Each structure stands twice: as C-alpha cells, then as structure tokens.
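Asks: Below you will find the structure I want to go over with you.
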Amino acid sequence: MIELLTADTPNGKKISIMLEEIKFRYKVKKVNINKDEQFEPEFKKLSPFSKIPVIIDHDNKVSLFESGAILIYLGEKSGKFYDKDQRTIINQWLMGQMGYIGPMLGQHHQFHHYNPGKCEFGEKRYFKISERIYKELNERLSQSKFLAGNNYTIADIATFPWIARHEWHDIGLSKFGNLTRWYTDISKREAVKKGYDLLRNGDQIPKV
Ligand SMILES: N[C@@H](CCC(=O)N[C@@H](CS)C(=O)NCC(=O)O)C(=O)O
C-alpha cells in the first residue's frame, strides 16, 4: 500500500497518474497547501522543502519527496514506464521537466493566471518562456512519438499535467500539432483520466 500525500496540482497529479498506470494500491491524503499544512512538523519530517507530493511505501517502510524521484522509484519498483535500456534518454526528458518545464510554467501561472496586471515584466518574461517550451516540445514530438522515444514513459507522465493547464497558459495548444497529438493521445488513457481526478471531484482533463 502506498500513501500519497498531495494536493491537486500538476506535481501532485503526476504521481496519482503513475500509481493508476502501474495499478498499485494507494490512498490519497490531502495536504492543504493553501492553509499551510505543508509546514506542519510531521509533514516537514517527510518533505524537507515543505512541498507536495510525498509518498510513503508501507511495504518497504520508506518515504520519498520530489516528484521526479518518486516517479523513478515507482518505475523501478513496478518495472513499468522506465525501461532499463532507455534510462539515459528518459532521465534527460524527466530532468528537463523537473528543472525547466515545471518551474517555468509554474512562474507563468503565478504572473499570468493568478496575478495578472501586477508585474508586466514577469508576465512577459514567463509568457515568452512558456511559448518557447511549447515550441521545443512540439519540435521534439515531430521526431518522436513520446518524449523519450517510441514508448510512453515517466517523462511523459511528468510533463502531461503541466500541459493540461494549457487553458491557463493562453498560448494556444492547437497551434502546436505534434504537442496536441501527444496530449490528446495521453488524455485518452483510462489511468490518466483517473489519476488526473486524484481527489475524485470529477476533475476532467481539459480538451484542446
Ligand atoms: N520539485 C518539486 C516541486 C513540488 C512543488 O512545487 N510543490 C508545490 C505544489 S505544486 C508545493 O508543495 N507548494 C507549497 C509550498 O511551496 O509551500 C517536485 O517536483 O516535487
């Protein structure tokens, strides 16, 4: 049994999607980051940066923070979506999501979606970077079915919930044909639909 301590955000959804994909038994414990529950001492013991997601694997008596590390752990444990002979390439796309795509789109959410009109520089800067990310992903997906090659991997699982916020981004996902094809294909997966709705609120994946 895996316990997933999380909130309903792109980083949180990565892990519920993975758990659905690998069909592990899990239960979700909601951490209300709007009420600062991430700073509670019990949670901080598990997550030193006070961030969701965290998993506790009760079989192995281990807990993990950082979504990329969690995806790798679950990929290794299940033997799925993290093929041994593809790890060099999967790791690059996964780290690109962790170090670039997520943090930059996250800033775009802050300036463009949550706080429009407060800082023109920030709005323009992160809009431009986000647009560039769409172009770069689109280019990659013109050469490759999935981010790390022919197979759906944890790199796609990590990136998908961020592109699923495309309505907030206002960049126009439909203008990027290859990214749209990738997004639409992944959206159709039953495990992705289920994992996307991690709090079982009826949260549907936004259409293109
Ligand atoms: N690099 C971390 C980022 C996690 C992260 O940014 N989590 C956010 C929600 S998406 C959070 O917990 N924010 C609360 C806070 O920073 O106080 C990961 O991928 O796990």
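The values are calculated or read from the model by the stated rules, or taken from the named source; none is laboratory data. On a predicted model such as this, the values are computed, not experimentally measured, just so you know. Positions of Cβ are generated from backbone atoms using ideal geometry, with glycine treated the same way; all protein chains shown enter the neighbour counts. With ligands, DNA and RNA removed, areas are computed over all heavy atoms of the protein, side chains included. Shrake-Rupley method; radii C 1.70, N 1.55, O 1.52, S 1.80 Å.
Asks: Could you rank D203, D197 by how accessible they are, 1.4 Å probe, largest area first?
Replies: D203, D197
Asks: Computing the accessible area with a 1.4 Å probe over protein heavy atoms, can you report the carbon and sulfur percentage for the chain? Mind showing how you got there, number by number?
Replies: Numbers: 5400 of 10720 Å².
Reported share for carbon and sulfur atoms: 50 percent.
Asks: Skip the ligands, DNA and RNA, and give the accessible area per residue of segment 78-180 with a 1.4 Å probe, whole Å².
Replies: Result: 50 Å² per residue.
Asks: Quick one: among F127, F160, F39, which has the greatest mean-square fluctuation in a GNM of the chain with alpha-carbon springs under 10 angstrom?
Replies: F39
Asks: Averaged over all directions, how much area does the convex hull of the C-alpha atoms of the chain cover when projected, in nm²?
Replies: Here the figure is 11.5 nm², rounded to one decimal.
Asks: Under the rule a/c < 1.5 gives rounded, and otherwise a/b versus b/c splits prolate from oblate, where does segment 133-183 land using the Cα gyration tensor?
Replies: Oblate, since a/c reaches 1.5 and b/c is not below a/b.
Asks: Net charge around F81, counting only other residues with Cβ within less than 9 Å of its Cβ (Lys, Arg = +1; Asp, Glu = -1)?
Replies: Computed value for this residue: -2.
Asks: Still on this structure: Using protein chains only and a probe of 1.4 angstrom, how many square angstrom of V62 are accessible, to the nearest 10?
Replies: We get 50 Å² for V62.
Asks: Also, I was wondering about something else. Kindly sort D156, D8 by accessible area of their heavy atoms, largest first, with the probe set to 1.4 Å.
Replies: Largest accessible area first, the residues go D8, D156.
Asks: Moving on. Please compute the per residue accessible area over segment 1-57 with all protein chains in place, 1.4 Å probe, rounded to a whole number of Å². All intermediate terms of the calculation are to be shown ahead of the outcome.
Replies: On the way: 2840 Å² over 57 residues.
Per residue, segment 1-57 has an accessible area of 50 Å².
Asks: Of V28, I2, G12, which is farthest along the charge dipole of segment 1-49 in the positive direction, counting Lys and Arg as +1 and Asp and Glu as -1 at C-beta?
Replies: I2
Asks: With the cut-off at 1.5 for a/c, could you classify segment 167-208 from its C-alpha gyration tensor as rounded, prolate or oblate?
Replies: Oblate, since a/c reaches 1.5 and b/c is not below a/b.
Asks: Now, a different point. What is the sum of charges, Lys and Arg at +1 and Asp and Glu at -1, for the other residues whose Cβ falls under 14 Å from the Cβ of G202?
Replies: 0
Asks: While we're here: Could you estimate the translational diffusion coefficient of segment 1-112 from the Stokes-Einstein equation, with Rh from the Kirkwood formula over C-alpha pairs, at 25 °C and 0.890 mPa s, in whole µm²/s?
Replies: 166
Asks: Compare E139, E120, E131 in a GNM of the chain, Cα atoms joined below 10 Å, and give the one with the largest fluctuation.
Replies: Checking each option, the largest mean-square fluctuation is seen for E120.
Asks: Normalised by the number of residues in the chain, what is the relative contact order in percent for Cα pairs under 8 Å and 6+ residues apart? Mind showing how you got there, number by number?
Replies: On the way: 292 pairs, mean separation 51.3, N = 208.
About 25 percent, as a whole number.
Asks: For F146, F49, write out the residues from largest to smallest accessible area, computed with a 1.4 angstrom probe and no ligands counted.
Replies: Values: F146 20, F49 135 Å².
Highest to lowest solvent-accessible surface, that is F49, F146.
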